[in-house]
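All remarks here apply to the structure that follows.
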Amino acid sequence: MPVSIPFDLDRLRDPALRPIGEKLRAGERLSIADGVTLFRSPDLLGVGAMADAANRARHGDRVTFASNQHINPTNVCVLRKTCVFCGYARLPKEEGAYRYSIEQVLAESDRADGSITREFHIVGGLDMEAGLEYYQTMFRALKERHPQVHIKALTAVEIAHIARIEKMSREDVLIALREAGLDTMPGGGAETFSAAVRDVIADKKLGGADYIDVHRTAHKLGIRSNCTMLYGHVETIEDRMQHLNMLRELQDETGGFLAYIPLAYHPDDNELGKTLGREGTSTTGFDDLRNLAVGRLFLDNFEHIKSHWIMVSTPVSQISLHFGVNDIEGTVVREKIYHAVGAHTPQGMTLPQLLGLIRGAGKVPAERDSFYRVLREFEPDDTGATDASTEPLAGAVG
Ligand code: V47
Ligand code: SF4
């Protein structure tokens with residue numbers, strides 16, 4: 001439940017924000033209508049100041065990051081033609097389609113050797129040839145090779161797909177995968193929950209209520225997860241608020257979400273971008289900051305709000321540290337999904353670069369594990385240059 005947030009109401013230029021500032025000071029929960037007001041207000045600095053106050057009350061000046069490595073084992077996906085925003089998926093025989101063997105996954109994972117990679121983030125397409133056994137074998141092999149590395153893998157949509165092709169319950173799939181080494185789940189596949197939006201951007205994809213249900217099932221099994229919202233395509237502000245409200249309700253029920261990550265839609269190299277005539281025009285920095293700030297203010301039962309520098313650019317990510325964000329996507333190695341749809345950011349970041357970004361915002365960088373436990377807070381004179389991670393990560397970029 002929300003706690004009282006000290007906040008100077010004189011910082012608000014938009015009078016419509018004042019009742020919201022008062023609620024924050026009184027420790028009252030914001031309503032959906034408040035969320036709509038926050039999204040509509042032109043006073044971005046006022047919204048940001050409230051989000052910053054809420055964030056500081058929880059985390060002070062600390063900004064965390066994790067050292068992780070993305071592995072995308074297959075881009076073959078049965079929804080290739082119907083998720084019109086996706087530029088990554090391919091049909092089985094299409095040019096560019098791939099499915100890694102377990103040996104190829106292990107070869108990719110060896111980039112973790114000698115570096116500080118602590119988490120594998122594993123997601124891919126809904127591939128008919130990648131069922132339960134494929135992922136069980138993969139996770140077991142990864143755990144054997146890198147026992148210390150956490151496996152954050154498979155979105156709710158992928159879990160539901162495996163359950164369908166194996167004719168198993170989602171719960172049994174999760175139990176089997178946990179037994180093979182699955183530690184937590186990423187938040188992908190949520191898009192925007194509204195049925196009207198899904199009809200346009202992903203009409204065959206698992207619906208919002210089912211996404212929530214898979215996460216509920218995982219949380220009840222003790223598998224914690226992240227959640228996301230894809231914004232900046234055809235959704236309305238009301239759709240965004242309905243989505244955030246569904247996440248907040250599940251968090252009230254289970255407390256199983258670790259972090260919320262809003263994802264900025266990239267319009268290049270996908271059908272939707274062409275249909276909307278949006279190619280070459282990503283979301284604005286204004287809207288990126290507002291989505292992060294509203295996430296912090298409305299999701300009062302979430303500890304962590306994460307900004308994804310690959311999606312919103314490094315400058316916006318840095319500024320977001322003053323708009324409610326306490327966690328930043330870490331030293332990702334070899335990101336593919338957003339780079340298939342026009343992200344111009346690098347495909348990875350070295351530790352010294354990440355420390356520079358966080359310190360440049362006047363914040364204190366800290367490395368965390370996948371459960372957000374702080375492992376190391378970096379002293380001001382620590383450049384990270386002596387860290388074993390620097391060279392392998394730098395070498396892997398691109
Ligand atoms: O669900 C696909 C998005 C998501 C596009 O949990 C696109 O820690 C923008 O959820 N423009 C998958 N986005 C990635 C994801 C994620 C990323 C980082 C961290 C975590 C976490 C989760 O990528 C998909 C979809 O929403 N995506 N296409 C596009 N054109
Ligand atoms: Fe497949 Fe996911 Fe792309 Fe949809 S967004 S086509 S489910 S890989």
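Residues that are assigned by TED's automatic domain parsing to the domain that holds Ala180, in contact with a helix residue (DSSP H, G or I) (Cβ under 6 Å, 6 or more places away or on another chain) and within 14 Å of ligand 2 (Cβ to nearest atom) do not occur anywhere in the stretch 91-101.
Quick grid of which residues meet (1) modelled with pLDDT of 95 or more; (2) in a helix (DSSP H, G or I); (3) within 22 Å of Ala160 (Cβ to Cβ); (4) assigned by TED's automatic domain parsing to the domain that holds Leu38:
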residue	(1), (2), (3), (4)
Val214	yes, yes, yes, no
Ala218	yes, yes, yes, no
Leu230	yes, no, yes, no
Arg240	yes, yes, no, no
Pro262	yes, no, no, no
Arg278	no, no, no, no
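When the stretch 186-205 is filtered for residues that are more than 10 Å from ligand 1 (Cβ to nearest atom) and either assigned to a helix (DSSP H, G or I) or among the basic types (Lys, Arg) (or both), the ones remaining, listed by number, are Ala195, Ala196, Val197, Arg198, Asp199, Val200, Lys204. Within the stretch 120-142, the set of residues being within 16 Å of ligand 1 (Cβ to nearest atom), of a type in the set (Phe, Trp, Tyr) and closer than 18 Å to Ser169 by Cα is empty. Within the stretch 71-85, not a single residue is more than 16 Å from ligand 1 (Cβ to nearest atom) and touching a residue at least 24 places away in the same chain (Cβ under 8 Å).
For the stretch 162-173, check the following and say yes or no: at least one residue is part of a loop (DSSP other than H, G, I, E, B), within 16 Å of ligand 2 (Cβ to nearest atom) and either within 23 Å of the chain's Cα centre (by Cα) or farther than 14 Å from Asn72 by Cβ (or both). Full working, then the answer.
Filtering the stretch 162-173 for residues part of a loop (DSSP other than H, G, I, E, B) gives 167-169.
Next, from what is left, pick out any that are within 16 Å of ligand 2 (Cβ to nearest atom): none.
Scanning the stretch 162-173 turns up no residue that is part of a loop (DSSP other than H, G, I, E, B), within 16 Å of ligand 2 (Cβ to nearest atom) and either within 23 Å of the chain's Cα centre (by Cα) or farther than 14 Å from Asn72 by Cβ (or both).
Within the stretch 183-214, the set of residues being touching a residue at least 40 places away in the same chain (Cβ under 8 Å), away from ligand 2 (no atom under 16 Å from the Cβ) and out of contact with any helix residue (DSSP H, G or I) (no Cβ under 6 Å at 6 or more places or on another chain) comprises Asp183, Thr184, Ala196, Asp213.
The values are calculated or read from the model by the stated rules, or taken from the named source; none is laboratory data. Treat the numbers as computed from the prediction; the structure is a model and nothing was measured. Cβ sites come from the backbone with ideal geometry, for glycine too, and all protein chains shown count toward neighbours.
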